[in-house]
Amino acid sequence: MSKKILSGKVIKDKSDKTVVVMVKRKYSHSFFNKVITSSKKYHAHDENNKFKIGDNVKIIESRPFSKKKRWEVIIKWYK
């Protein structure tokens, strides 16, 4: 089974070796026929503390690093 890859924006980088990434997704509501935007925050592992607030990054599923960290930052990307 392949690992999930999500793209989002770094919103917090205060913790050591950890960033919080907000991932937004859009979907069409089945009954109301409107486009709805939902967002979710993920704690991701950043080994060298090189990602800062506002960076667009891609995260991948990984082994558990701590209680909340189940994702790892793999690359910085530009829209």
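The values are calculated or read from the model by the stated rules, or taken from the named source; none is laboratory data. Predicted model, so just to flag it, every value in this text is computed and none were measured. Heavy atoms of the whole protein, side chains included, go into the accessibility calculation; ligands, DNA and RNA do not. Shrake-Rupley method; radii C 1.70, N 1.55, O 1.52, S 1.80 Å.
Quick one: how many residues across the stretch 10-29 are open to solvent by 100 Å² or more (accessible area, probe 1.4 Å) and in a strand (DSSP E or B)?
Filtering the stretch 10-29 for residues open to solvent by 100 Å² or more (accessible area, probe 1.4 Å) gives 12, 14, 16, 24-26.
Subsequent filtering for residues that are in a strand (DSSP E or B) retains 12, 24-26.
Counting residues in the stretch 10-29 that are open to solvent by 100 Å² or more (accessible area, probe 1.4 Å) and in a strand (DSSP E or B) gives 4.
What residue, among those in the stretch 30-79 that are assigned to a loop (DSSP other than H, G, I, E, B), of a type in the set (A, V, I, L, M, F, W, C) and open to solvent by 100 Å² or more (accessible area, probe 1.4 Å), is nearest to SER2 (Cα to Cα)?
So in the stretch 30-79, the residues assigned to a loop (DSSP other than H, G, I, E, B) come out as 30-34, 46-55, 62-70, 77-79.
Within this subset, residues satisfying the condition of being of a type in the set (A, V, I, L, M, F, W, C) are 31-32, 51, 53, 65, 77.
Filter once more, keeping what is open to solvent by 100 Å² or more (accessible area, probe 1.4 Å): 31-32, 53.
Working: PHE31: 32, PHE32: 34, ILE53: 28 Å.
Per the criteria, the residue is ILE53.
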